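This report concerns only the one structure given below.
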Amino acid sequence: MYIISERINGMFSAVKKAIAARDEATIQKIALRQIKAGARALDLNVGTATDDQIGAMVWLVESVREVTDATLCLDNPKFEVIKAGAEACGDNFIINSTTAKEADLATFLPLAAETGAKIIALTLDKNGVPNTAEGRVEIAAQIIIAAEAAGITPDRIYLDPITLPINVAQDQPKKMLETISQVKLLSDPSPRVVIGLSNLSQGTKEKSLLNSAFLAMAMGAGLDAAILDPEDKLLMDTMISGEVLLNNTIYSNDYLKAWRA
Amino acid sequence: MEEIKEKWTGAVNTVTVGATEKEGGTRKSTVTIGGETTLPFLHFEGSIPYRPALALDVLDNLPEEWPEVLKEPYRDVLDNPAQWAALCEEKYGADMICLRLKSLHPDWGDTAPERAAETVQAVLEATTIPLIIWGCDDPEKDNLALPLCAQAAAGENCLIGFATEDNYKTLAVACLADHHKIVAQSPIDINIAKQVNILISEMGYKPEDIVIDPNTGALGYGIEYTYSIMERIRLAALDGDRMMAMPIICDVGFDSWRTKEAKALKEQFPGWGDEGVRGPLWEAMTAVLLLQAGGDIVNLRHPMALEKVRKQIDALMGNGE
Amino acid sequence: MALTGLDIYKLLPKTNCGDCGSPTCLAFAMKLASKQTSLDECPHVSDEARAKLGSAAQPPIRLVTIGTGDRKVELGNETVLFRHEETFYHQTALAIRLKEDDPESESRVEDINKLRFVRVGEDISVDLVALTEESGDPEKYSAFVERCRANTNLALILVSGSPDCLKAALEKAGDTRPLIYAATAGNLEEMAGLARQYSCPLAVRGKGPEETARLADRIKEIGVEDLVLDTSPASLRDELTDQVIIRRQALKRHFRPLGYPTIAFTDPNTDKFSRALEASVFIAKYAAIVVTDLSEPEYILPLLTTRQNIYTDPQKPIQMEPKLYEVGNPDRSSPLLVTTNFSLTYFTVEGEVEASRIPAYLLIVDTEGTSVLTAWAADKFNAETITRALDESGVVEKLDHKNLVLPGYVAVLSGKLEDESGWKVLVGPKEASGIPKFLKAMKKRSA
């Protein structure tokens, strides 16, 4: 499982403050902690800390790059912000994200093709997020076809079937699981699938447990990557156990320790 | 036709056994194994920086039960481990010696731990190649003797075996103290193989100083299990599993010369052909197959097996490596 | 691997007419990809699409048959690169090469017929004879083939670069479906013509995988599809590389021109011992046929054993023949140990008994190849099955006592087993490694 840290996000107050104050040390500390806990990539989201999103993104990239070479996941709906972040990165980054809207595909795909970056693609189009698995698979197919035309192989695409809060749309997790197993059949190589996990449990009492249970199910359906907080021990233990249960990692009595060794 | 190469993310650990004078020992040569970034001998895909190493077994007590074919090459030295080891180095060209302290075992002599340490010293003095020290497989005696042997060989950077899931602490402490490499053994079980590595690592041992012994089995006697376990270990290593990234030692001589097919005389089984070829070939073929599954060190017994396995390695490393 | 949803979608009319029952063509394609519907449901699909979808359904490595009748040899149809992923299905055929000019060739046919062994209850033997033309004389070669054919049931490989010689030989032996070796860039049309005329499989020899693939593709266009590939590698290292590339191209890329079984030759210029080792590498790494001129049993037995081991289904472990085994030279007072017929269990127990240097009898109970605990859980290793094995083995005649040693893990069976069999049960160690100590203590007590 490819773990993308969710913690460097302007919606968290500490990060918001750090961005506003250009406090590098705080950001760098979070970055290193998340990597130590198992993150392979760091999602960077400036949130609403400042009006100057471009400046904030470039600053975030530069701050984090000072302490780690880990992959950076540039998280913003605006092309200009991502482009500026991409230039600051140089290489080793993920674009987060495009949608299936024509305008988005027309800008984000060429950027991914030029830079060799991987790209997260949300299964939504001009009509929004389809309510069915079939609808999401149709959109995923459009994205893969457009990406192939742009010279991007499906294994560079991370499809995001879009997580909605359980207390708002309880029928959605099951549809997401269907979507995950279906889109894996779309192409060879298969597209990757990523989910942003914490949205699922927003506003609930059992955040860690709900996230863990759903992560395990999604892994069973074929999930490749998740945006989450690797410092959540229950969640990470669940992920590591899932890897063992799916025969992706060799079991041993101390497999949890082995993973963290 | 598109090129087809796997993109492995991991590599096998590189391990050096033996220490020259400059490195604090007395060896004239050292042996380095591991470092592969692809499957065995697939040079087109990744790097295979070192050749698999071949050791010859030396026993510290007279192997009366050995078949004549196997005794013959060592006829005059079977009762003298130091001379035996020297013969393996000088005449038969072994890369390493595997000294097996069998006489420690309560059933095979029950000799004193101090004697084992003396034998280690004598073999080191008689040879200039790296040394593998192999316990007698009686946990109590090994725990008494191997620390003494580790001390006696301090500075020589030996490979000492073996640590098991139930008995690893004493050996790990001894190897740590005297800077030796350690063999982690498991009973043809990949999960335990990984577990022993974790346990030893937790003692403060660097994963890079461990060599895996998956327990070999012989051709016709369970080799298919070891073969697949070794393939899985190697694939896990290449996929980045640090607790499976150790190079592998195969104790082939011991296991293959236990088989009826290696030992039986032509008189007993006329349809099986000449035992002078069949025995060494049984051993060599076991070795060659396990090299295909990822073996990095092979312990052998018959000099002809050593010579012919080396020739296969030459051919597989080939083309100006 | 089957086609993906998008592969199929691209072949559909993309009208979203709904006649198939699915709302969109993509939805229908997805159902096809997960094998939940049939292409026949779409009334508008083109013939071209149908053909493409049909060919994708073929196995990635073609199944090729050499010979006829009960000694026919099936090759190919493999599905994995590593045996633990599933299993290897069609074991490497071992072929022994006989040369036309060698006066001993014909007597050697007789010896080759005898290269059969029984290992762990399975018959293992050489499969093919490769008859090499050397004279360039069609009459001489066909007479040689005819004589050899008369003396063996084994399937044949006809080895010659001369289409005339092969044609003459096929007149004599074409009805046995021999493998014709080999079509090359220079003789491709003639060789393919022979293969068509006599309905025989054909080997294709190119230089390296690329050229071999091109030749195979051309031959396929001529209408011959039962092919065997030879990349004529210059070294063992190249051979291994080519074998891996061919297997990967076929399985992972579904590259049709390399989707055939392979043939490999041991190097005649090296010593016999090394040739045997080379052959074992070919068996492990993907050759469907290995041709060698070794025919002495000391070389062939280990090779056939290698093949048996590598081609054992990891899900169906090798089973020992259930019967009474002797370890060392047991006498009437020797102990009797009982265990299951899982081969690894047997080898481990036998090894430990041997290491103890106390001769013993080993009674192997038929548990369908399962280990002690598994067999016990599945009720295959219980008082009844053990008692039956005791009775059928006749061991009671061989001993002056009626004591048996039961594996420690199934100590729970003791009482019932004593009642059922009338034997006294001694509970042995749980792990085989405890056997030497146990047997020694037993001996001490009885002494």
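The values are calculated or read from the model by the stated rules, or taken from the named source; none is laboratory data. Since we're looking at a predicted model, the values are computed, not measured. Reconstructed Cβ throughout: ideal geometry from the backbone, glycine too, with neighbour counts over all protein chains shown.
General remarks:
- Within region C:4-119, strands (runs of 3 or more DSSP E) holding 1 or more residues that are modelled with pLDDT under 90: C:116-119
- Every residue from region A:31-52 that is surrounded by fewer than 23 Cβ atoms within 10 Å (Cβ to Cβ) and either in a helix (DSSP H, G or I) or of a type in the set (F, W, Y) (or both): A:L32, A:R33, A:I35, A:K36
- Residues that are surrounded by 24 or more Cβ atoms within 10 Å (Cβ to Cβ), within 13 Å of B:I233 (Cα to Cα) and of a type outside the set (S, T, N, Q) within region B:191-204 comprise B:A193, B:K194, listed in sequence order.
- Just so you know, in region C:240-255 the residues that are touching a helix residue (DSSP H, G or I) at 6+ places or on another chain (Cβ under 8 Å) and more than 9 Å from chain B (Cβ to nearest Cβ) include one that is surrounded by the fewest Cβ atoms within 10 Å (Cβ to Cβ), and it is C:H254.
- Candidate set: region B:293-311, residues that are facing chain C (nearest Cβ under 10 Å) and buried (at least 23 other Cβ atoms within 10 Å of the Cβ); chosen: the one farthest from B:G161 (Cα to Cα): B:K308
- All of (1) over 30 Å from C:K444 (Cβ atoms); (2) within 14 Å of chain B (Cβ to nearest Cβ) hold for C:E384 with one exception: (2).
- Search result, residues across region C:403-447 that are loosely packed, with under 15 Cβ neighbours inside 10 Å and touching a Phe, Trp or Tyr at 6+ places or on another chain (Cβ under 6 Å): C:K430
- Scanning region C:273-306 for residues that are more than 8 Å from every other protein chain (Cβ to nearest Cβ) and either over 16 Å from the mean Cα position of the chain (by Cα) or among the charged types (D, E, K, R) (or both) gives C:R275, C:T292, C:D293, C:L294, C:S295.
- Helices (runs of 4 or more DSSP H) wholly inside region A:182-261 that include at least 3 residues being within 14 Å of chain B (Cβ to nearest Cβ) and of a type outside the set (A, V, I, L, M): A:255-260
- So B:E208, is it away from chain C (no Cβ under 13 Å), at negative phi, outside any loop (DSSP other than H, G, I, E, B) and surrounded by fewer than 24 Cβ atoms within 10 Å (Cβ to Cβ): yes
- The residues in region A:232-247 that are touching a residue at least 60 places away in the same chain (Cβ under 8 Å) and either surrounded by fewer than 18 Cβ atoms within 10 Å (Cβ to Cβ) or acidic (D, E) (or both) can be counted, and the count is 1.
- Scanning region C:325-363 for residues that are modelled with pLDDT under 95 and among the hydrophobic types (A, V, I, L, M, F, W, C) yields a count of 8.
- C:K437 being basic (K, R), closer than 30 Å to B:K102 by Cα, assigned to a loop (DSSP other than H, G, I, E, B) and assigned by TED's automatic domain parsing to the domain that holds C:D331: no
- Condition check for B:V277: surrounded by fewer than 24 Cβ atoms within 10 Å (Cβ to Cβ), part of a helix (DSSP H, G or I) and within 14 Å of chain C (Cβ to nearest Cβ): yes
- Condition broken by B:D239, with the remaining ones in (1) free of Cβ contacts under 8 Å to residues at least 40 places away in the same chain; (2) more than 10 Å from chain C (Cβ to nearest Cβ) satisfied: (1)
- Any hit, region C:341-353, residues being within 11 Å of another protein chain (Cβ to nearest Cβ), more than 21 Å from B:W282 (Cβ to Cβ) and assigned to a loop (DSSP other than H, G, I, E, B): no
- In region B:14-46, the residues that are closer than 30 Å to A:P189 by Cα and away from chain C (no Cβ under 14 Å): B:G35, B:E36, B:T37
For (1) crowded, with 18+ Cβ neighbours inside 10 Å; (2) in a strand (DSSP E or B); (3) more than 19 Å from the chain's Cα centre (by Cα), each residue gets a yes or a no:
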| residue | (1), (2), (3) |
| --- | --- |
| A:A88 | yes, no, yes |
| A:N96 | yes, yes, no |
| A:L109 | yes, no, no |
| A:E114 | no, no, yes |
| A:P130 | yes, no, yes |
| A:A147 | yes, no, no |
| A:D155 | no, no, no |
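- Test for C:L115: is it out of contact with any Asp or Glu (no Cβ under 8 Å at 6 or more places or on another chain) and touching a residue at least 40 places away in the same chain (Cβ under 8 Å): yes
- Applying the criterion of being over 34 Å from the mean Cα position of the chain (by Cα) and among the polar types (S, T, N, Q) to the residues of region C:346-403, the residue that is nearest to B:F254 (Cα to Cα) is C:S356.
- One residue from C:L170, C:L131 being out of contact with any Ser or Thr (no Cβ under 6 Å at 6 or more places or on another chain) and assigned to a strand (DSSP E or B): C:L131
The rows are residues; the columns are (1) in a strand (DSSP E or B); (2) outside the structural domain of C:T340 (by TED's automatic domain parsing); (3) not basic (K, R).
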site: C:K380; (1), (2), (3): no, no, no
site: C:I386; (1), (2), (3): no, no, yes
site: C:H401; (1), (2), (3): no, no, yes
site: C:V405; (1), (2), (3): yes, no, yes
site: C:D419; (1), (2), (3): no, no, yes
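- Restricting attention to region A:1-21, the residues that are of a type in the set (D, E, K, R) and closer than 10 Å to A:A49 by Cβ total 2.
- Looking only at residues of region B:211-236 that are assigned to a strand (DSSP E or B) and of a type in the set (V, I, T), we find that the one that is farthest from the other protein chains (Cβ to nearest Cβ) is B:V211.
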